[in-house]
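Trainee: One structure follows; several queries about it will come next.
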Amino acid sequence: MEKPKTSGPLSTIAAHDGISLAFESRGQASPLLFFIHGWTCRRSYWQPQLDYFYPKYSVAALDLPGHGDSGSDNRVHWGLESFALDVVACVNALRAEKVILIGHSMGGAVALEAARHLGSIVAGAILVDTFAIDYGGLSTEAIQTFAAPFAEDFVAAMADLVKQTSTTATPPELKQLLIREMSTADPAWALPVWQDLLSWNPQAAFDKLQIPIHAINGDLIPESARERCLPFIAETLIPGAGHFLQMEDPAGFNLVLEKVLAKLH
């Protein structure tokens with residue numbers, strides 16, 4: 001793996017398959033808080049957290065391939081495993097002695113899979129509204145129901161997804177931003193990632209990982225997911241919050257996250 005090339009706060013590194021990964025990092029303190037965005041999102045969705053938690057912690061966030069400033073050429077396999085290896089590449093490049101992986105939505109799934117590779121340097125994982133869909137508990141028919149609209153009309157389905165995962169706590173301007181930015185994702189990679197995510201089962205990660213796992217959730221988590229994950233995950237609930245709770249009320253979310261972090265190290 002080549003040494004990261006840095007230009008201001010933005011760094012790039014070549015992933016295992018040659019894709020250019022864009023990430024930003026600040027600080028030398030330990031542990032490193034490594035933030036992972038969700039499907040069709042970008043690292044800037046964590047900007048209020050990066051600003052708030054530095055310099056008490058080292059902080060970093062990446063654009064997963066196809067997202068934000070990262071490349072998409074040459075990738076053959078699009079899915080959680082490749083994304084997990086991208087996180088591993090960035091964390092290793094930063095030479096972190098201890099890291100806490102913080103993932104929103106799909107980013108939480110990526111965090112758990114990355115933790116399996118990173119081993120003892122992982123001090124914990126924080127999943128932000130990851131199980132708004134009951135991953136591991138979906139039937140074949142349910143997976144098809146979630147996947148089909150995006151194959152038929154990606155832009156319209158994305159708008160519906162944002163609306164369905166919003167609550168009264170989601171500002172209208174935030175919904176419009178999310179719809180506008182997330183719908184620009186290229187279906188050539190977004191659709192196979194979505195299919196892989198819907199088919200993902202967290203049980204293998206739960207069985208292997210010996211780290212504290214904490215969920216910060218809004219109002220959208222189905223009870224079926226809560227019941228299945230309860231033996232493995234501690235939960236903090238933000239009543240009324242929608243799916244993008246770290247963006248809906250950044251100041252309030254940061255205070256919740258700060259309390260959770262205090263329990264992990």
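Trainee: Going residue by residue through region 247-255, is there one that turns out to be more than 19 Å from Ser166 (Cβ to Cβ) and assigned to a loop (DSSP other than H, G, I, E, B)?
Mentor: No.
Trainee: Just checking, does region 228-236 include any residue being over 30 Å from Val122 (Cβ atoms) and either among the small types (Gly, Ala, Ser) or outside any loop (DSSP other than H, G, I, E, B) (or both)?
Mentor: no
Trainee: Moving to a separate point now. Name the single residue, out of those in region 80-98 being outside any helix (DSSP H, G or I) and of a type outside the set (Lys, Arg), that is farthest from Ser120 (Cα to Cα).
Mentor: This residue is Leu94.
Trainee: For Asp86, indicate whether it is buried (at least 22 other Cβ atoms within 10 Å of the Cβ), acidic (Asp, Glu) and within 11 Å of the chain's Cα centre (by Cα).
Mentor: no
Trainee: Would you confirm whether or not region 192-207 contains a residue that is part of a helix (DSSP H, G or I) and farther than 26 Å from Ser82 by Cα?
Mentor: no
Trainee: Hey, does region 29-48 have a residue that's more than 23 Å from Asp129 (Cβ to Cβ), in contact with a Lys or Arg (Cβ under 7 Å, 6 or more places away or on another chain) and assigned to a strand (DSSP E or B)?
Mentor: no
Trainee: State which residue is surrounded by the fewest Cβ atoms within 10 Å (Cβ to Cβ) when the search covers only region 256-265 and only residues that are at pLDDT below 95 and in a helix (DSSP H, G or I).
Mentor: Among those residues, the one meeting the criterion is Lys263.
Trainee: Failed condition for His243, given (1) assigned to a helix (DSSP H, G or I); (2) modelled with pLDDT of 95 or more, with all others met?
Mentor: (1) is the only condition that His243 fails.
Trainee: Is it the case, given these coordinates, that Asp73 is assigned to a loop (DSSP other than H, G, I, E, B) and out of contact with any strand residue (DSSP E or B) (no Cβ under 8 Å at 6 or more places or on another chain)?
Mentor: It is true that Asp73 is assigned to a loop (DSSP other than H, G, I, E, B) and out of contact with any strand residue (DSSP E or B) (no Cβ under 8 Å at 6 or more places or on another chain).
Trainee: Let me ask something else about it. Only one of (1) closer than 30 Å to Ser30 by Cα; (2) assigned to a loop (DSSP other than H, G, I, E, B); (3) in contact with a Gly (Cβ under 8 Å, 6 or more places away or on another chain) fails for Thr167. Which number is that?
Mentor: Unmet for Thr167, out of (1) closer than 30 Å to Ser30 by Cα; (2) assigned to a loop (DSSP other than H, G, I, E, B); (3) in contact with a Gly (Cβ under 8 Å, 6 or more places away or on another chain): (1).
The values are calculated or read from the model by the stated rules, or taken from the named source; none is laboratory data. Everything quoted here is computed from the prediction, not taken from an experiment. In this analysis, Cβ positions are derived from the backbone assuming ideal geometry, glycine residues included, and neighbour counts consider all displayed protein chains.
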